[in-house]
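Here is the structure we will look at.
All of the numbers you see were taken from the coordinates with simple rules; none came from a lab. Predicted model only: the values in this text are computed from it and were never measured. A quick note on method: Cβ atoms are made from the backbone with ideal geometry, for glycine too, and the neighbour counts reach across all protein chains shown.
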Amino acid sequence: MREKAKILDKDTLSRSLMRIAHEILEKNKGTKDLCLVGIRNRGAYLAKRLGACIQKIENESIPVGILDITLYRDDLTLIASGPLVRKTEIDFDITDKNIVLVDDVLYTGRTVRAALDALMDLGRARSVQLAVLIDRGHRELPVRADYVGKNIPTAKNETVEVRLEEPDGKDEVAIIEKDS
Amino acid sequence: MSTVWDKKDLLGLENLSKDEIGLILATAESFKEVSSREIKKVPALRGRTVVNLFYEPSTRTRVSFEVAAKRLSADVINIATETSSVKKGETLIDTGKNIQALKADIIVMRHNYSGAAAMLARALEISVVNAGDGWHEHPTQALLDIFTLKEKLGRIQGLNVAIVGDIAHSRVARSNIWGLTKLGAKVTVCAPPMLIPVAIEEMGVNVSHDIDDVLKDADAVNVLRMQFERDGGQAFPEQLEYFKNFGITKERLSKLKKDIIIMHPGPLNRGIEISSEVADGKHSVILEQVTNGIAVRMAVLFLVAQGQDKSKKYETAD
């Protein structure tokens, strides 16, 4: 395991989020019926921050929820550690809302597929959009993001690590090369 | 929590660590949210088959497991042994192997012999969940009791929990004692002497025969059902005598100038171990226990399915 490059630091990361917030508002023509839903773990923190950015821009707060997709994954048996199932915390009705799903890294698209299934079980949103901090390619499903912080071409033996102040103590994004 | 679940079976709480019990409770907490949705279903066990194999009559445990499995999208088959080949003399292991050959994934079993679940688990590669074996253990009942307590009081560590009633014949008592003591609660068992098994103190509990004294110190009481069908009326010729001396009544509770939680695993014998006023009163969490039972059993089914996948993977890797 070796850190190959730092892609974002604290400042560039927060600028990316601010730009995404503007884009979300532009596309949805304001905050009406707009809700953010972050995918655990790091998507949840990013959704909260995007919510704060939108609040700063529009002076209006919008609902922010957290989605746990563990029960909807298609690769549960491939994960040796057996991830802890955590709660979905969406305390608003998503029916007829415009939902922006938020995640840290878009890779195969399988997480987003699971999140869409999970979301459908909670109600019928009017639209679902996708915002990610990093798009690293290698899609295995027909999924694309509506808002992207940064596109980073990567190799399959690399991983992208998003570290955030809340769980990790600092804001940065790095490419890690795995030992082959 | 860094604990990993790697067991294919849940046989009892005696052989679980504090962290493993904590993991089940934490997982159950997440599953509770699923039952509050409009669509009370997640696809976690889609394509898996759960067989309920009950050698003893049971309604609430079987239905609770069935509901739990269905909320995880598993397929459920119920086998009541009265109407099965068991009546023709098939052994438990043979029944189990046949169910395994049908490519079922989890057997939930209740059996009147202590240790039956462990024996079946050893003979099979698929998961076995003990839904009560003789006088031995009833782990999911204890887990849902502990889950409910934790939900109500915020912790288990340091609580005074009393278990009242037929301790000698109770697998619910035994599983509760293992679980509660591992999580740091102080447990007192209270019953007439003939319903307390010898050397129960070695499980780390206090023994008392004075219910009023026990209630004074208890944060919660688990009231066990008097199992008249098990001892054929030997221990208690007079049910009213038990009610008078050990029954949980409004009068007894109103003497305590504090809050107390009253639990009961059901089915209730109203007027024998508990009065109707208490069972339906403000201290009672009996129906919440039933609701929590679904979340706990969902967590258990989910975890043993994962544990089974892992043990299979290790085998093929070798």
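Observations
- Taking the inverse of the mean 1/r over every pair of distinct Cα atoms in the protein assembly as shown gives a Kirkwood hydrodynamic radius of 25.2 Å.
- Distance between the 7 Å Cα→Cβ label points at A:T95 and B:I77: 3.8 nm.
- Taking 0.36 nm per residue of sequence separation and removing the Cα-Cα distance, the B:K87/B:V198 pair yields an extension gain of 36.4 nm.
- Rounded to the nearest Hz, the phi-derived 3J(HN,Hα) couplings of segment A:4-15 under the Karplus curve 6.51 cos²θ - 1.76 cosθ + 1.60 (θ = phi - 60°) are 8, 7, 8, 9, 10, 10, 3, 5, 5, 5, 6, 5, where x marks glycine and proline.
- Prolate/oblate/rounded label for segment A:27-180 (Cα gyration tensor, a/c 1.5): prolate
- Point-charge dipole on Cβ atoms (K/R +1, D/E -1) for the protein assembly as shown, about Cα centre, debye to 20: 1040 debye
- Looking at segment A:1-68, the trypsin sites (Lys or Arg not before Pro) that sit in a DSSP loop and have at most 16 other Cβ atoms within 10 Å of their own Cβ are A:K29, A:K32.
- Pairwise FRET efficiency - A:E3 versus A:K156, Cβ, R0 = 22 Å, nearest 0.05: 0.80
- The C-alpha atoms of chain B define a longest principal axis, and helix B:92-101 lies at about 50 degrees to it.
- The GluC sites (Glu not before Pro) of segment A:1-101 that meet both conditions, a loop assignment by DSSP and at most 13 other Cβ atoms within 10 Å of the site Cβ, are A:E60.
- Rounded to 5, the percent of DSSP beta bridges in the protein assembly as shown classed as antiparallel: 20 percent
- FRET efficiency, 1/(1 + (r/R0)^6) with R0 35 Å, evaluated for A:I176 and A:I57 via beta carbons: 0.55
- Here the sum of -39500 (n - 2.57) over DSSP H runs of 4 or more residues, divided by the residues of chain B, equals -13000 deg cm²/dmol at 222 nm, to the nearest 500.
- Extending 7 Å from Cα along the Cβ direction at B:E14 and again at A:E26 yields two label points whose distance is 6.8 nm.
- B:S311/A:S14 FRET efficiency (R0 60 Å; Cβ-Cβ; nearest 0.05): 0.85
- Rounded Å value of the spacing that divides the Cα centres of segment A:115-147 and segment B:276-316: 32 Å
- Shape of segment B:139-289, Cα gyration tensor, a/c cut at 1.5: rounded
- Secondary structure note: in chain A, about 35% of the DSSP beta bridges are antiparallel.
- Stokes-Einstein translational diffusion, chain B - Kirkwood Rh over all Cα pairs, 1.306 mPa s, 10 °C, in µm²/s: 79 µm²/s
- Gyration tensor (alpha-carbon) shape descriptor, segment A:132-180, a/c threshold 1.5: oblate
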